[in-house]
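**Student:** Have a look at the structure that comes next, please.
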Amino acid sequence: MKTKNVNNAIEDWLGGRTDRAGSEWLAGEMKKDPELAREVNLRRKTDEIIADRQVMELRSKLSVIGRKSRATVPLRGIIVKSARYAAAVALIAVISAAIYLELKPGASPEQLYASNYDRYVSPGTVRSASGEGNALMESAIAFYSAKEYEKAITYLEQIINSDRNDMESVFMHGMANMEVKNYPVASGSFTRVIEHNDNLYLEDAEWYLGLCYMMTGNREKALSQFSYIASSESRYSRKAARLSRKLK
């Protein structure tokens, strides 16, 4: 397939416009070509960062509008500067806390988890051949995005019961269960994704499985998992290497 078509396939998948056959084809190409896999993962991460930035910009604009409606004209400059200062202080506090947790000797699993876990942001659903299945997945992703994880789990389990090879729903089932701290169930979902070994969620599943092991007290399994990731070409390799050192 020409480069242009590969790029189109990547963009379609990131935009949630890929059908099942297209998703399976891209997964196969990524498995054969590590460079392509890294490019797809980099693009997905970039899209997540852009989406987060857009949300932050929207919130900032709404906040400014709210301040305008409450503040008098002479005080506007003071209020804006104060808000910016407070935001800067809050950001520094968050960064400092994360660094402290990483460097603190003997940090607990909960502390390490808090400084290393990032909520997975779905790039969109992969359209299936079944209209009903697609509707269920769209509902599941909508509830997950709204942080209504129990409802998302209900829809995801319906999809999994009808199609056990739908790795998108299995992976998202693991993520939703992580969000409600049901780590044993999440571990089972991520293990299924890894054992399937022919999908777009392998690197993510490997990383989150390690975090699940850590939170269920399986220190040796967590250490083994992170050591494996650290020695691979996964985009999580550096984070896994740091966690491995903390767990030893």
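**Student:** Any idea which of E179, E138 is out of contact with any helix residue (DSSP H, G or I) (no Cβ under 8 Å at 6 or more places or on another chain) and of a type outside the set (A, V, I, L, M, F, W, C)?
**Tutor:** Testing whether each residue is out of contact with any helix residue (DSSP H, G or I) (no Cβ under 8 Å at 6 or more places or on another chain) and of a type outside the set (A, V, I, L, M, F, W, C) leaves just E138.
**Student:** Sticking with this structure for a sec: I'd like to verify a number: residues in region 168-189 that are of a type in the set (F, W, Y) and under 14 Å from the mean Cα position of the chain (by Cα), how many?
**Tutor:** 1
**Student:** Which of the residues belonging to region 119-154 are more than 24 Å from N41 (Cα to Cα), outside any helix (DSSP H, G or I) and at pLDDT below 95?
**Tutor:** Selection gives A129, S130.
**Student:** Ok, one more. For region 174-196, what are the residues that are of a type outside the set (D, E, K, R), in contact (Cβ under 8 Å) with a residue 12 or more places away in the chain and not in a helix (DSSP H, G or I)?
**Tutor:** V180
The values are calculated or read from the model by the stated rules, or taken from the named source; none is laboratory data. If you're wondering where the values come from, they're calculated on a predicted model, not measured in any experiment. Methodologically, a virtual Cβ is constructed for each residue, glycine included, from the backbone with ideal geometry; neighbour enumeration extends over all protein chains shown.
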